[in-house]
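Since the structure comes first, as structure tokens, the remarks are kept for the end.
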Amino acid sequence: MSRLFNQMPTAELQALDAAHHMHPFTNDAALGAKGARVIARAKGSTLTDTDGVELLDAMAGLWCVNIGYGRDELARAAFAQMQELPYYNTFFQTTHPPVVALAKKLAELLPGPLNHLFFANGGSDANDTNIRLVRHYWALKGKPSKKTIISRVNAYHGSTMGAASLGGMAPMHAQGGLPIPDITHIAQPFWWAEGGDMTPDDFGIKAAQALEAEIERLGEDNVAAFIAEPVQGAGAVIVPPDSYWPEIQRICDAHEILLIADEVICGFGRTGSWFGSQTYSIRPDIMTIAKGLSSGYAPIGASVVSDAVAEVIDSADFNHGYTYSGHPVSCAVALENLRILEEEKIVDTVRDETGPYLSRRWKALADHPLVGEARISGLMAAIELTPDKQARAAFAAPAGTVGTICRDFCFENKLIMRHVRDSMIISPPLVITKDEIDSLIDRASRALDQTEARLKAEGLMTPA
Ligand code: PXG
């Protein structure tokens, strides 16, 4: 069946896709008229579409294919596990070897007291788990009023009702009656757009202190937790000023609230450490993991809790769980992925070699007339497009107009680089080579030149 579809002409696949497949975060009518790009296969950091066009995937799929495409070892791990035990649940007092092995391996890799895992299918439902878990935790501690979770504007924590409510994306909240009650949002540490005349470090302290002000506004007795990504990913790779996380940690320590680090993107090497919490010296009580946990080869995520949190949660029934919590095939694939990350020293390479190399080449993009700021953490990075660098100005055209133009030129140059509003972002596979980094920068530079020419031709270089 799928073999038949693999041989189908692109136009036919596009027509059938338009007829029956509803895409995430998409206007399907508009996409149907244009036709979706059909990706057929991939190897390393390169995708091939059904017309044979090769694209450099500077997004690692959706921030997840950390070990790169085409690793047979993971296919073999899935095959072997499907033969042995394709499915069994972890409800009703049962367990199975792959989930035990993965939980033990993760407890070794995770920092400090983060030794207990509740498995989910991905990041969204792991964050839904977190909402229920932190509220249940405080109820068990005799403090049921501690329910509110503080998050941040422009955060991304997933797309279920709970996770999208934790997220701070206005277009998502505008649909379907979100956010759910008892979730509030403070400002983000986005110096380029919001820092005004302040130094980045002064602004970082100010952004962090918004948390303390919000705890005081709500009353500490009503606050369960603060959730944040170490570096905001989908928000446009917002690397916080150095002053930000130490101040957040101080505030969380000073008040009786749990700190949840959403490491769905930052985890498993992305920032040059195994976890973003290590790069930014964060001591979370709870961590969300997914994506790089299996390099996207199989769906799996987890909520990780500290010894202290687990002791409370483990003392009573937690009426929560998913059919596929700890799915044996996903666990076997994740274990093999972790083995490769460790044995091939992929995280060390990001920290010591490819990360610093990309950083040097990426930061030089700020010399381009259209680029106001280039920021990077490990192998996740962003550039801000602007008509006026000095003023850090936005474009007069609606946000995203220029970003879309640049994104389309990237595609023309066979580079998958995404736009968020008018920021361009990358998050390539962690196995990207220096030659591929050179090619990424060449293609991005060409796309920037073409974007600048187009903006000038169309009179779009005007500041807001
Ligand atoms: N937390 C973070 C920090 C994420 O980035 C999720 C949770 C949700 O994970 P799942 O596995 O349920 O999707 C994510 C997901 C984008 C984009 O446009 C980013 C994500 C997902 C889809 C699109 O950058 N991140």
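The values are calculated or read from the model by the stated rules, or taken from the named source; none is laboratory data. Values in this document were obtained by computation on a predicted structure and should not be read as measured data. Counting neighbours? That spans all protein chains shown, and the Cβs are built from the backbone with ideal geometry, glycine included. Protein only, heavy atoms only, side chains kept; ligands, DNA and RNA dropped before computing areas. Shrake-Rupley method; radii C 1.70, N 1.55, O 1.52, S 1.80 Å.
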Could you order Tyr297, Tyr137, Tyr324 by accessible surface area, starting with the largest, using a probe radius of 1.4 Å?
-> Tyr324, Tyr297, Tyr137
May I ask you to list the aspartates and glutamates whose Cα is less than 15 Å away from that of Lys456, ignoring any residue fewer than eight positions away on the same chain?
-> Asp388
Which value, in debye to the nearest 20, describes the size of the charge dipole of segment 73-343 about its Cα centre when Lys and Arg Cβ atoms bear +1, Asp and Glu Cβ atoms bear -1, and nothing else is charged?
-> 580
For segment 1-68, the fraction of alpha-carbon pairs in successive 5 Å shells from zero, as % = 3, 15, 22, 20, 23, 14, 2
How about Lys147: which lysines have a C-alpha closer than 18 Å to its C-alpha, ignoring those fewer than 8 places off in the same chain?
-> none
With all protein chains present and a 1.4 Å probe, the order of Ile376, Ile260 from largest accessible area down is Ile376, Ile260
Name the aspartates and glutamates eligible as straight-distance cross-link partners of Lys34: C-alpha to C-alpha under 12 Å, and not fewer than 8 places from it in the same chain.
-> Asp17
How large is ³J(HN,Hα) for each residue in segment 115-126, as worked out from phi by the Karplus curve 6.51 cos²θ - 1.76 cosθ + 1.60 (θ = phi - 60°), to whole Hz, x for Gly and Pro?
-> 10, 9, 10, 10, 7, 9, 8, x, x, 4, 6, 5
Given the C-alpha centroids of segment 194-258 and segment 15-34, what is the distance between them in whole angstrom?
-> 39
Span from the segment 283-316 Cα centroid across to the segment 332-408 one, whole angstrom | 27
Taking N as the number of residues in segment 263-354, what is its alpha-carbon radius of gyration divided by 2.2 N^0.38 Å?
-> 1.20
Measure off 7 Å from each Cα along the Cα-to-Cβ vector at Ala11 and Arg217, then give the distance between these two points in nanometres to one decimal.
-> 5.6
Hey, could you grab the Kirkwood Rh for segment 162-265? Inverse mean 1/r over distinct alpha carbon pairs, Å, one decimal.
-> 14.5
Over the chain, calculate the relative contact order: mean separation of alpha carbon pairs under 8 Å at least 6 apart, over the residue count, as a percent.
-> 19
Please give the FRET efficiency for His20 paired with Asn89, using the beta carbon to beta carbon distance and R0 = 35 Å, rounded to the nearest 0.05.
-> 0.70
Extension gain from Asn115 to Met198, taking 0.36 nm per residue of separation minus the Cα-Cα distance = 25.9 nm
Is segment 43-195 rounded, prolate or oblate when judged by the Cα gyration tensor, a ≥ b ≥ c being the square roots of its eigenvalues, rounded requiring a/c under 1.5 and prolate requiring a/b larger than b/c?
-> oblate
Per-selection Kirkwood Rh - the chain (Cα, Å, 1 d.p.) | 23.1
Give Lys104/Lys345; Lys105/Lys345; Lys143/Lys206; Lys105/Lys363 a once-over and call out the pairs whose C-alpha atoms are over 28 Å from each other.
-> Lys143/Lys206; Lys105/Lys363
Enter the Cα centre distance for the pair segment 97-169 and segment 422-464, rounded to the nearest angstrom.
-> 35
Note on segment 309-464: alpha-carbon gyration tensor, axes a ≥ b ≥ c; rule is a/c under 1.5 for rounded, else prolate if a/b larger than b/c, else oblate; result prolate
Short version: ³J(HN,Hα) in whole Hz for each residue of segment 406-415, in order, from phi by Karplus 6.51 cos²θ - 1.76 cosθ + 1.60 (θ = phi - 60°), x for Gly and Pro, what are they?
-> 5, 4, 5, 5, 4, 4, 4, 8, 6, 10
Over all pairs of different Cα atoms in segment 128-175, the reciprocal of the mean inverse distance gives a Kirkwood radius in Å of 11.4
For n ≥ 4 DSSP H runs only, could you compute -39500 (n - 2.57) per run for the chain, divide by its residues and tell me the 222 nm figure to the nearest 500?
-> -12000 deg cm²/dmol
State the answer as a single residue: which of Ala120, His368, Pro284 lies farthest towards the positive end of the charge dipole of the chain, with beta carbon charges of +1 for Lys and Arg and -1 for Asp and Glu, about the Cα centre.
-> Ala120
